[in-house]
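Let me begin by presenting the structure, written as structure tokens, before commenting on it.
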Amino acid sequence: MASLSYNTKYPSIEDLRSRAQKKTPRFAFEYMDGGCNEDVNLRKNTDEIRQVELVPRYFSNSGTSDLKTELFGHTYDAPFGISPIGLQGLMWPGATKILAKAAVEHNIPFILSTMATSSIEEISKITEGRAWYQLYHPKENALKDKILQRAQEASVPVLVLLCDVPTFAFRPRDIRNGLALPPKMTFNNILQMIGRPHWSLATLMEGQPKFANLIPYLPKGLDLGQLGLFMNQTFSGLMNEEKIKSIRDKWKGKIIMKGVASESDMEMCVRLGLDGVMLSNHGGRQLDAGQSTIATLKELAPKYKGKIKIMLDSGIRSGPDIARTLAQGADFAFLGRSFMYGVAALGKAGGQHTIAMLKIQLQQVLEQIGCSKVEDLHQHLVSK
């Protein structure tokens, strides 16, 4: 069993965020921390989760609570996992591997993004074939089939399709910073790197971050400045019924759809026989005028819970937030930024620290309200 020890100097995600801001260059931190446009949806995600209230039942309190949760045939040690995150190696060198190792040690799910800086094969080896994989849909079927074949050969148990990036978002910070991989060597960015020696040294030791899953498909001699154009030409964020059916017919494992935010999309996922959905708005990074994920959960869980596994990501920053999300009807919760704050703050210890801290926080909530099992949290929801 993984250790539940953590650095008591940083007992909250907000503490980790503050530390991460001091250790990473501004262009890297703002990519990790920011939303899109005016950051309205970014803030709303967490704020509205925290409007959910739980009622304690002290006289029926057994004093013990079990966090173990079954999902897709595997019993995890806690009802939360690590969301897919692109460009992890830019935010902190080696972050993908750090989080994958911590996830397998703590027996929670880890999802690898197509745009991650470690490959399917490397992460599958680290996680003993338990890592999930998020597919950015290629425009060409031949490339899609090649990537799916690699995922099958790496024993990926769950394929995560993405539907909430039909277009590139408008993110003012990233535009100002000229965000690129590797970072552009502007005078301003160089000064930021000099001012963050821990990040710079870790980058030097880890090596220049790359889109590791895409290396086999990059044209020979491609100038790094043309990488963005290649990505636009190669991948399409548009998802439709035909594409889903094609993948469903080929993929032998479980399939979930990430980014569902409406009843019509949920209905189609159920009709097509997908195994789960992840209600998500990309962490508030795509549509600033959209509703929060918890608002979507409130609308959809009463009708669809039991018909399909319902997961939620975006805005979760603590153990109480996880409890609120599960009480509101989610079967499982996923966090992205929270784990990146942990790694950027504490380096190789960040994954273990953040998972252990969240487990302890969640355990305390369940024991406080007298809930012995995660699946009973809905019984403690305050009706409004």
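One table, with the values for the structure above:
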item: Residue within the stretch 341-356 that is under 28 Å from residue 10 (Cβ atoms), touching a residue at least 12 places away in the same chain (Cβ under 8 Å) and not in a helix (DSSP H, G or I) present; result: no
item: Residue satisfying condition, being farther than 16 Å from residue 69 by Cβ and either surrounded by 18 or more Cβ atoms within 10 Å (Cβ to Cβ) or among the aliphatic types (A, V, I, L, M) (or both), within set 273, 319, 329, 283; result: 283
item: Restricting the stretch 114-140 to residues that are closer than 16 Å to residue 97 by Cβ, in contact with a helix residue (DSSP H, G or I) (Cβ under 6 Å, 6 or more places away or on another chain) and of a type in the set (S, T, N, Q), the residue that is surrounded by the most Cβ atoms within 10 Å (Cβ to Cβ); result: 117
item: Subset of the stretch 300-343 [among the β-branched types (Val, Ile, Thr) and under 26 Å from residue 21 (Cβ atoms)]; result: 316, 322, 325, 343
item: Unmet requirement for residue 47, which otherwise passes all of (1) crowded, with 19+ Cβ neighbours inside 10 Å; (2) under 21 Å from the mean Cα position of the chain (by Cα); (3) at pLDDT 95 or above; result: (1)
item: Complete set of residues in the stretch 203-214 that are in contact with a Ser or Thr (Cβ under 8 Å, 6 or more places away or on another chain) and over 7 Å from residue 117 (Cα atoms); result: 213, 214
item: Single residue of the stretch 305-340 satisfying the filter (more than 22 Å from residue 288 (Cα to Cα) and part of a helix (DSSP H, G or I)) that is nearest to the chain's Cα centre (by Cα); result: 339
item: Of residues in the stretch 234-286 being of a type in the set (A, V, I, L, M, F, W, C) and assigned to a helix (DSSP H, G or I), the one nearest to residue 40 (Cα to Cα); result: 266
item: All positions within the stretch 333-384 that are more than 27 Å from residue 116 (Cβ to Cβ) and either crowded, with 24+ Cβ neighbours inside 10 Å or among the aliphatic types (A, V, I, L, M) (or both); result: 360, 365, 366, 369, 371, 374, 377, 381, 382
item: Filter result (under 16 Å from residue 112 (Cα atoms) and in contact with a Phe, Trp or Tyr (Cβ under 7 Å, 6 or more places away or on another chain)) within the stretch 133-147; result: 136, 137
item: Only listed residue being in contact with a strand residue (DSSP E or B) (Cβ under 6 Å, 6 or more places away or on another chain) and touching a residue at least 12 places away in the same chain (Cβ under 8 Å), chosen from 262, 280, 292; result: 280
item: The stretch 188-213, residues that are part of a helix (DSSP H, G or I) and either within 14 Å of residue 122 (Cβ to Cβ) or touching a His at 6+ places or on another chain (Cβ under 6 Å) (or both); result: 206, 212, 213
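The values are calculated or read from the model by the stated rules, or taken from the named source; none is laboratory data. Here the structure is a predicted model, which means the values were calculated and not measured. Glycine also receives a Cβ, built like all others from the backbone with ideal geometry; neighbour counts cover every protein chain displayed.
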